[in-house]
Amino acid sequence: PLVVRRPQFENLCSTVITMGTLCHFAWHNQFLSFQILHSQISYIEKQATTVTGCPLLIRCKNFQIIQLIIPQERDCHDVYISLIRLARPVKYEELYCFSFNPKLDKEEREQGWKLVSLNEEYNRMDVPNNYWQISDVNRDYQVCDSYPTEVYVPKSATAHIIVGSSKFRSRRRFPALSYYCKDNNASICRSSQPLSGFSARCLEDEQMLQAIRKANPGSNFMYVVDTRPKLNAMANRAAGKGYENEDNYSNIKFQFIGIENIHVMRSSLQKMLEVCELKSPSMNDFLWGLENSGWLKHIKAIMDAGIFIAKVNYVTVCSVVTMSVISFIGPTSVGYNGNILYYFRYGYLDGDPKERSPVIDQFIECVWQLMEQFPCAFEFNDRFLIHIQHHIYSCQFGNFLCNSQKERRELKIQERTYSLWAHLWKNRADYMNPLYREDHSQTQGTLRPQTAPCNFLYK
């Protein structure tokens, strides 16, 4: 027997029970018409043997819960050992995308990857311009190996200033342009935390932030936004890292946001899923469990951070965002029209489970909450989000592999795998939002979502 529970995308905890034969393949297990992709398996548990057989519980990264009841204990053990190995590959080449072949020629493969271009995104924002330019200071990744080779920096920032700033920042992630508003010259830059400790300072880093401020002639000051809780940042300061000292940087305003770290987020998601898996819970038990998980509280914190940053940019204030968790403001994800190129902590390869994070699930949740508040503002529907989330973990396409442009080029991802965006574009009719209107008031200007608790939905 196979029991499948889908706690998120259908009913709260819909269950399907059926009988059949489990077929084992290289990339998935097939049970009748149901597939269990190895890359989507998050956790496998052998449960106590019962009179009906040996239960095998499989939790998937797309939140499906699958229970196999295998008649013989030895067969159950063999399946368990096999799935453990196949769900935890040790190198990228073992993933499905390196074998997936949709029978497209080389030119079609290349065209699929050209549907999304980081440089085209910047060009759409009218960059480079009189204030911002492309710098090749990171050529051959010699300054920061997790940044692209081409980065956008203020025109007044010399190579000396950029390199000096990078040496003062964790993982050498100096402030680089993520978003530019051509209507008012406001900008958002992204960097890591400074290595300031309790008293250290860096002249080049101070000059770098001043160059960013001067790149917005419409404002006399800038915000430095730290997404961490202040206590976390203070603890890092004791370890030699920390945050910018306002006394050392002229014309800046400092703001902590309070987004928790990946370990808190991972625990919150697990608690939320446990609530969804309760069998016939009372309304009080369900609401208490949802509140206790803190999931929607974290979603609210992320959206509040985005609203704050959008607001200060709307009033022509430039800002630098110091990220302690990868959020949806970053050098590799300018917008949401396909530029989610790669993220840390998906857990594709065998490694420390404590380093995994549900950041992409939070991103998709935030977009969905926005869609619910502004149903006419987005051209795509929620099926689009679900399919992206599915393929992030399916490893059928190469878009989400690796942690940097450097790693992706070393693996020759574009030459050896196919792009998800070509697949989605081919089937775009399935993802169109019938409520979208280009001239609707919701599509004009900046969205201003409400983040009071009553405005968040759970589905």
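The values are calculated or read from the model by the stated rules, or taken from the named source; none is laboratory data. Computed from a prediction, not measured in an experiment: that's the story for all the values here. Here Cβ is always computed from backbone atoms with ideal geometry, including for glycine, and neighbour counts include all displayed protein chains.
Take residues that are crowded, with 16+ Cβ neighbours inside 10 Å and touching a helix residue (DSSP H, G or I) at 6+ places or on another chain (Cβ under 8 Å) and tell me which of the helices (runs of 4 or more DSSP H) falling wholly in segment 181-290 contain 1 or more.
Numbers: elements: 203-214, 230-238, 262-276.
It comes to 203-214, 262-276.
Mind listing just one residue for me: the one in segment 182-208 that is within 28 Å of the chain's Cα centre (by Cα) and of a type in the set (D, E, K, R) and, of those, nearest to Thr446 (Cα to Cα)?
Ranking the candidates gives Asp183 first.
Return only the number of the condition from (1) surrounded by fewer than 17 Cβ atoms within 10 Å (Cβ to Cβ); (2) under 29 Å from Tyr418 (Cα atoms); (3) free of Cβ contacts under 8 Å to residues at least 24 places away in the same chain that Asp78 does not satisfy.
Just one mismatch for Asp78, condition (2).
Which of (1) surrounded by 13 or more Cβ atoms within 10 Å (Cβ to Cβ); (2) under 30 Å from Arg173 (Cβ atoms); (3) out of contact with any strand residue (DSSP E or B) (no Cβ under 9 Å at 6 or more places or on another chain) is the odd one out, the single condition Arg383 does not satisfy?
It fails just one condition, (2).
Of all the residues that make up segment 20-38, how many are assigned to a loop (DSSP other than H, G, I, E, B) and within 23 Å of Glu93 (Cβ to Cβ)? Walk me through it before giving the result.
Taking segment 20-38 as the starting set, the residues that turn out to be assigned to a loop (DSSP other than H, G, I, E, B) are 20-21, 25-27, 32-33.
Narrowing further to those that are within 23 Å of Glu93 (Cβ to Cβ): 25-27.
Number of matching residues: 3.
Looking only at segment 129-157, how many residues end up being among the charged types (D, E, K, R), part of a loop (DSSP other than H, G, I, E, B) and closer than 17 Å to Lys406 by Cα?
The qualifying residues number 3.
Looking at Phe344, Phe328 in this structure, which one is in a loop (DSSP other than H, G, I, E, B), farther than 17 Å from Leu95 by Cα, modelled with pLDDT under 90 and not assigned by TED's automatic domain parsing to the domain that holds Leu435?
Values: Phe344 fails: farther than 17 Å from Leu95 by Cα.
Answer to the selection: Phe328.
Filter segment 132-148 down to residues that are crowded, with 17+ Cβ neighbours inside 10 Å and of a type in the set (A, V, I, L, M) and give me whichever is farthest from Ser117 (Cα to Cα).
It comes out as Val143.
If you take the residues of segment 355-380 that are closer than 16 Å to Leu296 by Cα and charged (D, E, K, R), which of them is surrounded by the most Cβ atoms within 10 Å (Cβ to Cβ)?
That would be Glu365.
Could you grab me the full set of residues in segment 84-128 that are more than 24 Å from Cys402 (Cβ to Cβ), more than 26 Å from the chain's Cα centre (by Cα) and not in a loop (DSSP other than H, G, I, E, B)?
Glu107
Confirm whether Thr417 is in contact with a helix residue (DSSP H, G or I) (Cβ under 7 Å, 6 or more places away or on another chain), among the β-branched types (Val, Ile, Thr) and over 30 Å from Leu287 (Cβ atoms). Full working, then the answer.
Details: in contact with a helix residue (DSSP H, G or I) (Cβ under 7 Å, 6 or more places away or on another chain): yes; among the β-branched types (Val, Ile, Thr): yes; over 30 Å from Leu287 (Cβ atoms): yes.
It is true that Thr417 is in contact with a helix residue (DSSP H, G or I) (Cβ under 7 Å, 6 or more places away or on another chain), among the β-branched types (Val, Ile, Thr) and over 30 Å from Leu287 (Cβ atoms).
Search segment 20-57 for residues being β-branched (Val, Ile, Thr) and exposed (fewer than 12 other Cβ atoms within 10 Å of the Cβ), and hand back the single one that is farthest from Glu73 (Cα to Cα). Break it down stepwise before answering.
First pass over segment 20-57, keeping only residues β-branched (Val, Ile, Thr): 21, 36, 41, 44, 49-52.
Checking the rest, the ones that are also exposed (fewer than 12 other Cβ atoms within 10 Å of the Cβ) come to 21, 50-52.
Values: Thr21: 16, Thr50: 10, Val51: 11, Thr52: 11 Å.
Once the filter is applied, the top-ranked residue is Thr21.
Go through segment 53-65 and give me each residue that's among the hydrophobic types (A, V, I, L, M, F, W, C) and closer than 19 Å to Val275 by Cβ.
Residues satisfying the conditions are Leu57, Cys60, Phe63, Ile65.
Name the single residue that is surrounded by the most Cβ atoms within 10 Å (Cβ to Cβ) among those in segment 149-165 being touching a strand residue (DSSP E or B) at 6+ places or on another chain (Cβ under 9 Å) and not hydrophobic (A, V, I, L, M, F, W, C).
Out of the qualifying residues, it is Ser165.
Can you pull out every residue in segment 254-281 that is touching a Phe, Trp or Tyr at 6+ places or on another chain (Cβ under 9 Å) and farther than 22 Å from Lys61 by Cα?
Phe254, Gln255, Phe256, Ile257
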